[in-house]
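Encoded as structure tokens, the structure appears first; notes follow it.
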Amino acid sequence: MPFIVNLEDVSSADHALVGGKASKLGEVVREGLPVPPGFVVTTDCYSAFVGATPLKDTIESALATLDLERTESVDLVSRAIREGFEATEFPDEMRAQLEKKVQEYEAAHGVRFSAVRSSATAEDLEGASFAGLQETYLNVHGTDAILDAIRRCWGSLFTPRVLVYRARKGFDHRSVRLAVLVQKMVESTVSGILFTRDPNTGENHMIIEAGWGLGEAIVGGEVTPDHYVVDGATQRIVHKQISDQSFRLVRDPEGGNRREEVPGPDRNQQKLSDERIDKLASLARVIESHYRRPMDIEWCLEGSSLYIVQARPVTTIPEPEAVRASLTTPVPNGAPTARHAATAPAASAGETLLVRGLGASPGIRGGRVRKLLRAAEMDRLQAGEVLVTQMTTPDMVPAMTRAAAIVTDEGGMTCHAAIVSRELGVPCVVGTRTATQVLKEEQPVTVDGKLGAVYDGLPAPPATAALPGIPSGATDHHASAPVTATKIYVNASVPEKAAEIARLPVSGVGLLRIEFIFTAHVRDHPLVLLKQGKGEQLVTRLADGIATVCQAFHPRPVIVRTSDFKTNEYRGMPGGAEFEPNEENPMIGWRGCSRYISPIFRPAFLLELEAIQRVRIDRGLKNAHVMLPFVRNTWELEQIQEMFKEKGLRRSRDFKLYLMAEVPSTVLLAREFSNFCDGFSIGSNDLTQLVLGADRDSETLGRMGYFDERDPAVQRAVELLIEGAHASGRTVGICGQGPSVYPEFAEFLVRKGIDSISLNPDTVLTTMRTIASLEQRLKLDGIRRD
């Protein structure tokens, strides 16, 4: 079990070993982008530390008494566990390894000060950022100080705010582990955050916020940063809002941080030049292109050099319908709140504008003002009240979950208050400057989180505020969803998010990736578990994860794609090196069905099938179906068919088997493959790379335009598959971002008769509208021709 790995050796496949922050930064390093050097103390080191000391019993006994409804219980449990971490010494061998690594790293990179940063397995995920909740220590100097900071980072897994947030997001306290990222400290003159898409409106704008000094002051909402808006298509700066910054955080010569006054002439100066804004936007484009989703990026400037210090998926990108629906959502205490203010630049008739700031989380809610200036006062906030404070801190998260809305004096769209409010679905206005002075205790107000405005008085009742296409009082997406002939499914991977995703107006789950269940809940290489006699543990954990999703969507179908790790990804799992070969090109190597039928891996695949059978039979969730990835030949399907029978799984009216169409042989012989399945699902990434001979991971080919689902050869392959499958009475779907990214590709699919499209959750509503419009246009075209 590796206790330490270098950051440059890390990738997204190592998420379970190095946590969210480190795995994503490792990908950025691999893209050749500027990232401060460092190393990762792995989750295996964390587990070994807990397992080799009395801490395991301390954690178990404390969590057994946890009552999340009682603040004092949360505080007591947190204190007991964190004090246990701080009082427990490293085992001798572990300490020796860590000391040696710190000394090597400092010598190799000329390090005097380091940043010691938490990187949890439940962190920087889509829908759960854990923004600022686990600890980070800056300007740490010396080996002993770094080791002490590592233990304190581990203990921060159990702060009160993390315990509450983790429970709200559906994560198991006992299964989450923490890696620690140690990096060379950048002496920032300017730092900030960038969103590659507007997190408040979902528009194709980059949002950049910048402030003098270290970024902690911006993330923590202590200062209001400059706010720049960059057009996502042209990369042109379309808006600037320059802030007055009176102080900045800088490195203390004795270690840690200290406040320093900003010299008078600099306070109102633009923090980041136009040239550097353009350079930063270009770096962000590369990161978004790599991940193929909107990204939240932390950056800093040292001298003339820009550095990327964090990159994670944007956890909340609202659909226009979702923004409008939030205008009619009731507050927690049931008081009705709705008003059509989406386009109003100022207060409506009879209303008084009290303060204005930045709209940081959309929605309109009303309630009475509760002014709280310290985390210790948070118990005073009652459900349905409006939290008004100078700035929020991670310790305020338990109270933020009770607030009808949040208003702050300081902060920008990327501060802690903004990020957490968007995840909680709570309207938020930040950077008002004067809210704590102007708003009065118990004053009834209405907060418009889209416009960034706070009005006097409570909002009008819902009956007066019905919006186009949304019935008054609608609280979910179904009310505004268009009807489509093409079935729309959703892609899923995290069982803990299933209940939330199930609210979308979809026909079911078109692709349940079980790789996340392996990395987050099983962790070890399956053959390691078999060797240790722990096959039952693997089956139980897989079945639990799959059942969670099936239960949330029942009776809608859930198509479970069996594991599709490549050899390099399997090698990264604990114990994987013993069983996995080193392949030059694992993308077209030992993966998918070829792995299942190999004598060495066959027993592990049978355990996957056992887990699916238990979900269907033992738990009665007959909506679980199966899809096989990376199919090359019909003869491998003959062997897999026998394995299915061995586990009691037979195709029938209530059990369907689908094949991923990723390899051209599946397309060319669609009629022959149809004898073994009930339908196909196009894996557009792999099909594109194999039809065009273009490595999907090649940044060079991507920039040159080689990798494109819209290429005529790829479209011809899709057309051939649909023709062959339909001729055999089989359905064809597609799972991927292509139809949501390229409307013309979606139109091509609809015209050719695709049966279903499975999408990532954040693109479902917009793509449904696109598909509905296309179908209507095709219908009208047909009428005109007739």
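The values are calculated or read from the model by the stated rules, or taken from the named source; none is laboratory data. These numbers were taken from a predicted model, which means no experiment stands behind them. Cβ placement follows ideal geometry from the backbone for every residue including glycine, while neighbour counts extend to all protein chains displayed. The area values use the complete protein model at the heavy-atom level, side chains included, leaving out ligands, DNA and RNA. Shrake-Rupley method; radii C 1.70, N 1.55, O 1.52, S 1.80 Å.
Looking only at residues in region 128-164 that are part of a loop (DSSP other than H, G, I, E, B) and under 25 Å from the mean Cα position of the chain (by Cα), which one is modelled with the highest pLDDT? Result: Thr159.
Conditions tested, residue by residue: (1) in contact with a Ser or Thr (Cβ under 9 Å, 6 or more places away or on another chain); (2) open to solvent by less than 30 Å² (accessible area, probe 1.4 Å); (3) under 30 Å from His141 (Cβ atoms); (4) modelled with pLDDT of 85 or more.
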residue: Gly220; (1), (2), (3), (4): yes, yes, yes, no
residue: Gly232; (1), (2), (3), (4): yes, yes, no, no
residue: Ile237; (1), (2), (3), (4): no, no, no, yes
residue: Ile242; (1), (2), (3), (4): no, no, no, yes
residue: Gln245; (1), (2), (3), (4): yes, yes, yes, yes
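Scanning region 723-774 for residues that are open to solvent by 40 Å² or more (accessible area, probe 1.4 Å), β-branched (Val, Ile, Thr) and in contact with a strand residue (DSSP E or B) (Cβ under 6 Å, 6 or more places away or on another chain) yields a count of 1.
Put simply, of Arg523, Arg503, Arg513 the only residue that is modelled with pLDDT of 75 or more, crowded, with 21+ Cβ neighbours inside 10 Å and basic (Lys, Arg) is Arg523.
Only residues that are exposed (fewer than 15 other Cβ atoms within 10 Å of the Cβ) and either under 27 Å from the mean Cα position of the chain (by Cα) or in contact (Cβ under 8 Å) with a residue 60 or more places away in the chain (or both) were counted across region 593-617, and they come to 2. Under the condition of being open to solvent by 20 Å² or more (accessible area, probe 1.4 Å), part of a helix (DSSP H, G or I) and not aliphatic (A, V, I, L, M), the residues counted in region 71-89 number 7. Every test in (1) over 28 Å from Leu280 (Cα atoms); (2) open to solvent by 70 Å² or more (accessible area, probe 1.4 Å); (3) under 24 Å from the mean Cα position of the chain (by Cα) is passed by Asp9 save one, and that test is (1). Scan region 739-754 and give yes if some residue there is within 22 Å of the chain's Cα centre (by Cα) and modelled with pLDDT of 85 or more, otherwise no. Among the residues of region 739-754, not one is within 22 Å of the chain's Cα centre (by Cα) and modelled with pLDDT of 85 or more, which makes the answer no. Restricting region 28-70 to residues that are open to solvent by 60 Å² or more (accessible area, probe 1.4 Å) and part of a loop (DSSP other than H, G, I, E, B) leaves a set whose member that is nearest to Thr88 (Cα to Cα) is Pro54.
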